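The values are calculated or read from the model by the stated rules, or taken from the named source; none is laboratory data. Keep in mind the model is a prediction, meaning the values are calculated, not measured. Cβ sites come from the backbone with ideal geometry, for glycine too, and all protein chains shown count toward neighbours.
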């Protein structure tokens with residue numbers, strides 16, 4: 001199971017300064033919760049909906065979900081819906097006919113639910129909110145590469161890549177890293193809030 005640990009670069013932007021990091025860790029040590037500055041609170045309290053990273057308590061750490069968490073696999077998508085999600089243009093009859101001719105699928109197959117194995121594999125790897133958080137945080141320059149400069153916090157990326165599971169998720173083991181993650185999202189103006197998952 002590949003595990004990647006990423007941290008935030010101190011001083012690279014306008015928010016994550018050495019003083020901010022010190023305050024975030026001191027606050028977390030006292031309260032066991034992420035620090036919310038006025039700037040971060042404004043972002044977190046905004047009605048962001050699907051543009052929210054929820055953190056869910058799992059034993060001694062938190063797991064991240066992009067959008068409302070879903071704990072059960074929904075009914076399979078129609079094959080055509082899944083292909084559209086993957087970027088296929090299937091809006092006209094001509095496009096559908098061309099795909100059928102190229103792929104060997106029939107139109108009836110395109111408008112039928114995906115088989116259980118294919119759907120479950122895609123749900124685990126790409127479509128569930130935990131995998132969406134993994135992909136979102138991987139796609140943006142949130143954790144700059146390179147060894148130069150001081151780093152702080154830790155966000156852990158884990159993924160299975162075996163026949164039994166394709167699950168991917170992101171976890172955080174201490175609350176100061178949640179504060180630093182929100183600050184970095186704010187620095188990049190990504191419009192994503194980091195919020196606790198409440199019952």
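Among the residues of the stretch 1-31, write down those that are modelled with pLDDT under 90 and more than 13 Å from residue 183 (Cα to Cα). If the condition is that a residue be modelled with pLDDT under 90 and more than 13 Å from residue 183 (Cα to Cα), then 1, 2, 3 are the ones that fit. Residues considered: 123, 169. Of these, the only one that is touching a helix residue (DSSP H, G or I) at 6+ places or on another chain (Cβ under 6 Å) and either in the same structural domain as residue 56 (by TED's automatic domain parsing) or surrounded by fewer than 21 Cβ atoms within 10 Å (Cβ to Cβ) (or both) is 169. Every condition in (1) in the same structural domain as residue 13 (by TED's automatic domain parsing); (2) at pLDDT 90 or above; (3) surrounded by fewer than 16 Cβ atoms within 10 Å (Cβ to Cβ) is met by residue 98 except one, and the failing one is (1). You will find that of 116, 104, the residue that is exposed (fewer than 12 other Cβ atoms within 10 Å of the Cβ) and within 26 Å of residue 159 (Cα to Cα) is 116 and no other.
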